[in-house]
1. Just flag the GluC sites (Glu not before Pro) in region A:50-79 sitting in loop per DSSP whose Cβ has no more than 14 other Cβ atoms within 10 Å.
2. Identify the GluC sites (Glu not before Pro) of region B:80-146 meeting these criteria: DSSP loop state and at most 16 other C-beta atoms within 10 Å of the C-beta.
3. Give the residue list of chymotrypsin sites (Phe, Trp or Tyr not before Pro) in region A:42-87 that are DSSP loop and have at most 10 other beta-carbon atoms within 10 angstrom.
4. For A:E102, enumerate residues with amide H under 5 Å from its amide H, sequence gap 5+ or separate chain, H modeled in the peptide plane.
5. Consider the operator that turns chain A into chain B: which A residue has a Cβ nearest its axis, and what is that gap in Å?
6. So if I take the centroid of the Cα atoms in region A:20-72 and the same for region B:44-117, what is the distance between those two points in Å?
7. What does the helix-only formula give at 222 nm for the protein assembly as shown: each DSSP H stretch with n ≥ 4 adding -39500 (n - 2.57), the total divided by the residues, and the result rounded to the nearest 500 deg cm²/dmol?
8. How far, in nm to one decimal, is B:E143 from itself in the other copies if the label point is set 7 angstrom along Cα toward Cβ? Shortest first, please.
Protein chains: 2
Amino acid sequence: MFLPLARNEGYSKAMTQPSFPTAASKDALERGDLLAPRFDANGLIAAICQHAETGEVLMLGWMNAEALARTLEIREAVYFSRSRNELWHKGETSGQIQKLVELRVDCDQDAVLLKVLPQGDGGACHVGFRSCFYRVERDGKLEERP
Amino acid sequence: MFLPLARNEGYSKAMTQPSFPTAASKDALERGDLLAPRFDANGLIAAICQHAETGEVLMLGWMNAEALARTLEIREAVYFSRSRNELWHKGETSGQIQKLVELRVDCDQDAVLLKVLPQGDGGACHVGFRSCFYRVERDGKLEERP
């Protein structure tokens, strides 16, 4: 029986999700050399994206196992879009590809930190700012301060 | 009738949750001066914590409405501990209080960025490192590189 694959920006939804191992102990989780990311109930892990040279925090994205595996494979940030419910190779449309310089994981492996070099116009935010965090709270109000 | 309040690190669980407004439009959400954080289905928002001087990303925490309101009130980071299911005034026990220098919100207001000055020994991670992101991926394995 032939099942046509759905087209999805080059990825197939029918593709088997890559799986990551589970750490055998708290010590292995926190001090081990095994990448054993802990995805949440929705199968996602938070991914903080930081400019590798300036240190500016650019955005917070989400990754499922496939997005994380693809990111490590192609060394460019691939997120999972929660609004579109599909893989999102950042910059594929906008040109704002994020070249991966370094990927870090936190102590309990439920968050990753990407240090990237943004390509194209150097931006990361769909609103047009370099970083998504272009507003600062001041006296309870927000001020744009890119 | 007298109902004794539960003791909870100085906060009362019986306290009314502060509420934040909802943005009236996409433009208000993205460009407005109204702090209108979008909490997830569990009532939480991701909070990236960055050292205000070095730019180092220290940790990723979570906040409910009360934690965010308290953070803005006392100008020290207050998170919501998902494991203990209660407010967590960072540093209350360890001394690693995080003085808030600046709080930013992202374009669609579902993440906040805290720029802080860590007090005490200057650390943020329970494992003993300055930052929780002390491990780097290299060829699929993790290396400690604080």
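1. Values: sites: A:E53, A:E56, A:E66, A:E73, A:E76; in loops: A:E53, A:E56.
Answer by residue number: A:E53.
2. Working: sites: B:E86, B:E92, B:E102, B:E137, B:E143, B:E144; in loops: B:E92.
Filter output for region B:80-146: B:E92.
3. Numbers: sites: A:W62, A:Y79, A:F80; in loops: none.
Here no chymotrypsin sites (Phe, Trp or Tyr not before Pro) fit, given the DSSP loop and packing criteria.
4. A:K115
5. Of all Cβ atoms in chain A, the one nearest the axis gives A:G55, 1.
6. About 20 Å separates the Cα centre of region A:20-72 from the one of region B:44-117.
7. On the way: 4 runs with 32 residues, N = 292.
So the calculated ellipticity at 222 nm is -3000 deg cm²/dmol.
8. 4.3
None of the figures in this text is laboratory data; all of them are computed from the coordinates on show. Predicted, not measured: the structure shown is a model, and the values here were computed from it. With ideal geometry, Cβ positions are generated from the backbone for all residues, glycine too; neighbour counts draw on all protein chains shown.
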